[in-house]
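The values are calculated or read from the model by the stated rules, or taken from the named source; none is laboratory data. Worth saying up front: this structure is predicted, and the values here are computed from it rather than measured. Note that each Cβ is placed from the backbone with ideal geometry, even for glycine, and that neighbours are counted across all protein chains shown. For the accessible areas, the whole protein counts, side chains as well, though only heavy atoms, and no ligand, DNA or RNA atoms are used. Shrake-Rupley method; radii C 1.70, N 1.55, O 1.52, S 1.80 Å.
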Amino acid sequence: MSYICLIANQNGVAAAGDSRLTIQPEALHLHLDRGRKVFSDQDQGLVWACCGLTIFGGINYYLLAERILRQKNRSLASRLNQIAGVLSKATAAQHLLSRKPSVFTLLLGQVKDGGVTVHVVDVVSGEVRRKVLTGPVFVQAGWDPTLRQSKPAVSEFEKDTLGQLIGRAKKRCLWAIRKDSELAQEDKKHSQTVGGSVRVAYVAIPQS
């Protein structure tokens, strides 16, 4: 599974993610390092990142989420509800087939009225959990908790420029890739599911 993170303060919001897509079953150790997991829509002030269930039943759920989120004529709440509903059914179906947990996570930052609101949508085997956060915030996701560093204190990034936020997000993702590579070298049975290049997306908050 991937590693993604999103960080925001009064200057903007940035997201980063790896580009590895793992072909199931993981035991085959087959990967494609060209996946796109982070996106932005500058006109809407949106930045988001996805990880977890990618392709199932012939549907790429990252691209489906992108198509839904780019529908500007609908409220953001309506679009997030649709994504949660679709992924609830998909993860429940995959869980029934594989008898293993099926997970999808969406981290989304919305720049609006001079501030940032962060939405977290976690779907685990059909069960949906959602959070809404405001103010300076850092969130991250990925299947393996050992690939996540401790969250930074708000005081560490609350005054960062947007460029510094982008750098922080990218460094976290690079760390996760290196850590997963080390685990794969130590244990040949370990499938390195976090890899490839790091992709970033961001939106600035207009300064008055």
Can you tell me which condition Val124 does not meet? The list is (1) in contact with a His (Cβ under 8 Å, 6 or more places away or on another chain); (2) open to solvent by 30 Å² or more (accessible area, probe 1.4 Å), and all the others hold. (1)
Within the group Ser208, Ser191, which residue is open to solvent by less than 20 Å² (accessible area, probe 1.4 Å), modelled with pLDDT under 90, out of contact with any Ser or Thr (no Cβ under 6 Å at 6 or more places or on another chain) and assigned to a loop (DSSP other than H, G, I, E, B)? Ser191
Check whether at least one residue in the range 95-104 is open to solvent by less than 10 Å² (accessible area, probe 1.4 Å), out of contact with any Leu (no Cβ under 7 Å at 6 or more places or on another chain) and not small (Gly, Ala, Ser), and report yes or no. no
Scope the range 30-62; condition open to solvent by less than 30 Å² (accessible area, probe 1.4 Å) and in a strand (DSSP E or B); matching residues: Val38, Phe39, Asp41, Leu46, Val47, Trp48, Ala49, Cys50, Cys51, Gly52
How many of the residues making up the range 168-188 are buried (at least 20 other Cβ atoms within 10 Å of the Cβ) and either more than 14 Å from Gly142 (Cβ to Cβ) or more than 16 Å from the chain's Cα centre (by Cα) (or both)? 1
Suppose we filter the range 37-62 for residues that are in contact (Cβ under 8 Å) with a residue 12 or more places away in the chain, small (Gly, Ala, Ser) and under 26 Å from Ala93 (Cβ atoms); how many remain? 3
Would you mention how many residues in the range 63-112 are in contact (Cβ under 8 Å) with a residue 12 or more places away in the chain and not in a helix (DSSP H, G or I)? 14
If you scan the range 138-167, which residues turn out to be farther than 21 Å from Trp48 by Cβ, open to solvent by 70 Å² or more (accessible area, probe 1.4 Å) and within 15 Å of the chain's Cα centre (by Cα)? Pro145
Counted residues, the range 139-188 - those being within 20 Å of Thr117 (Cβ to Cβ), without any contact (Cβ under 8 Å) to a residue 60 or more places away in the chain and not in a loop (DSSP other than H, G, I, E, B): 1
